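Since the structure comes first, as structure tokens, the remarks are kept for the end.
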Amino acid sequence: MLNDQHIAEPSEDERARYFRSQFYVPDGQIYMDGNSLGLLCRPAEDALNRVVADWRTLGVQGWTEANPQWFGLAEQLGALQAELIGASASEVIVTNSTTINLIQAVGTLFDPSLDCNKILCDAGAFPSDLMAIKSVLRSKGLSPEEHLKLVSPDSNGYLDEEKIINAITDDIALVLLPSVVYTTGQLLDMGKLSAAARAKGAVIGLDLSHSIGALQHSLDAWGVDFAVWCGYKYLNGGPGAAGGIYINQKHFEAIPALTGWFGADKSRQFDFSDDIPLASNAGRFQVGTPNILSMAPLVGSLSLVSEAGIPWIRSRSLALTDYLIALFELQLEPLGFELVTPREPDYRGGHVSLKHPEAMRICQVLRTKGIIPDYRPNNIVRLAPVALYNSFEDCTITVKTLAQIVRDREFETVPVSRGVVT
Ligand SMILES: Cc1ncc(COP(=O)(O)O)c(C=O)c1O
């Protein structure tokens, strides 16, 4: 089909239609917000219902007799997610939230000395990441003002990789970077940056929240020390789904900053001792009882991700974002929108960010028309055409509607408000 500005809409293949049919796309909506909260799919719903049924029939025996067994669920999900990031099963555990996992990893692996006692982050990092880093610094008696070094984006809003590398000076003990910048959608060269940090002797950690389930990673090959991520974005685990943590096997002996009985060697956990041996893998970075109900949907949703395979997901995601960018050039750029996501596929994650001075009100009008974007400061409309459930037609309609809202100045009817930006 040709849209009214004469860009051919790529045709949908059967595989794409099959995966889309597995998701509940809210009635009458075009959902472009899967990088904030992924949609519910049938296998995730079934997996959640199975846990509820096991709880109903087994009670406490569900810990050992449910299928899947709750006692080993964090490890089982860890093994499934390890495949998505180029890690071995023993290096990944699904537990807690991204922020807690970050405090855990940084609290454990940041080992300041007299001369080397700073942490390097990007200035535009997700605020909760910076809050987590600051809390670890404070807990070690170091002031964030002095010990947190921030790299600012360039005038286009992009992080310059050479600038990051040059900022890894001898006083940097740990570097934390995002895989994909949550505002602009810029994808960093994680292999290159990890190698640069290691060459300087710094610990390198990554926040994979906006890339896991959307593109390839090779954490072991890149020599990354640790990584954390959300389970509710491209992994479609549901609101507040458990996050994930990767700990390179070279750190399996480290004593976690936060310890608790679920970090124990599983065969010894019920010794009921506070001097229990810890698991000799990433499992030791767990703390308390796993949130089984916040993990169960991942059993189903990950089965769909692995059925599709990351290479297929990434190539479809790039086709969708390519198409969205082509539409932007024709229909939105002349209306004052600016593309703040890199055009080069190797530097682009799964979402496209468009800047407009009225972005917040435009997003509000878009929602009233059944199209769900999200808004991020400053003045960014984020659109995530997700490989597993969005279509090229979703992109066509979204762009056409955005153009209409701006051309007809429909946003002027909306009072300025802060909105909810989850
Ligand atoms: C890049 C990034 N890091 C961290 C977080 C925080 O995750 P959580 O609230 O699950 O700890 C988010 C949440 O959206 C995020 O987008």
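The values are calculated or read from the model by the stated rules, or taken from the named source; none is laboratory data. None of these values were measured; they are calculated from a predicted model. Here Cβ is always computed from backbone atoms with ideal geometry, including for glycine, and neighbour counts include all displayed protein chains. Heavy atoms of the whole protein, side chains included, go into the accessibility calculation; ligands, DNA and RNA do not. Shrake-Rupley method; radii C 1.70, N 1.55, O 1.52, S 1.80 Å.
Things to note:
- Average Cα contact separation per residue, the chain, under 8 Å, 6 or more apart, as relative contact order %: 22 percent
- Placing a label point 7 Å from the Cα of Asp171 along the Cα-to-Cβ direction, the residues of region 104-119 whose backbone N falls under 14 Å from that point are 113-119.
- Exceedance of the 19 Å cut-off in Cα-Cα distance is limited, within the set Lys149/Lys200; Lys163/Lys200; Lys134/Lys200; Lys118/Lys200, to Lys134/Lys200.
- Residue with peak Gaussian network fluctuation, the chain [Cα springs, cutoff 10 Å], from Arg348, Arg314, Arg409: Arg409
- Sites Ala199 and Asp111, calculated FRET efficiency, Cβ-Cβ separation with R0 22 Å, nearest 0.05: 0.75
- Nearest-20 debye value, the chain charge dipole, Cβ charges on Lys, Arg, Asp, Glu: 560 debye
- Cβ crowding within 10 Å averaged over residues, with 28-34, 287-293 ranked highest first: 28-34, 287-293
- Centre-to-centre separation between the Cα atoms of region 351-395 and those of region 124-146: 31 Å.
- Rounded Å value of the spacing that divides the Cα centres of region 16-69 and region 158-205: 35 Å
- Straight-distance crosslink candidates among aspartates and glutamates, where the alpha carbon sits under 12 Å from Lys192 and sequence neighbours closer than 8 are dropped: Glu161, Glu162
- Per DSSP, loop GluC sites (Glu not before Pro) in region 1-85 with at most 16 further Cβ within 10 Å: Glu12
- Region 215-283 and region 88-108 have Cα centres spaced 5 Å apart.
- With only Cα atoms counted, region 47-307 has Rg and Dmax values of 18.5, 59 Å.
- Straight-distance crosslink candidates among lysines, where the alpha carbon sits under 22 Å from Lys266 and sequence neighbours closer than 8 are dropped: Lys250
- Extending 7 Å from Cα along the Cβ direction at Lys140 and again at Asp46 yields two label points whose distance is 4.6 nm.
- Ordered from highest to lowest accessible area with the whole protein assembly present and a 1.4 Å probe, Thr169, Thr401, Thr57 read as Thr57, Thr169, Thr401.
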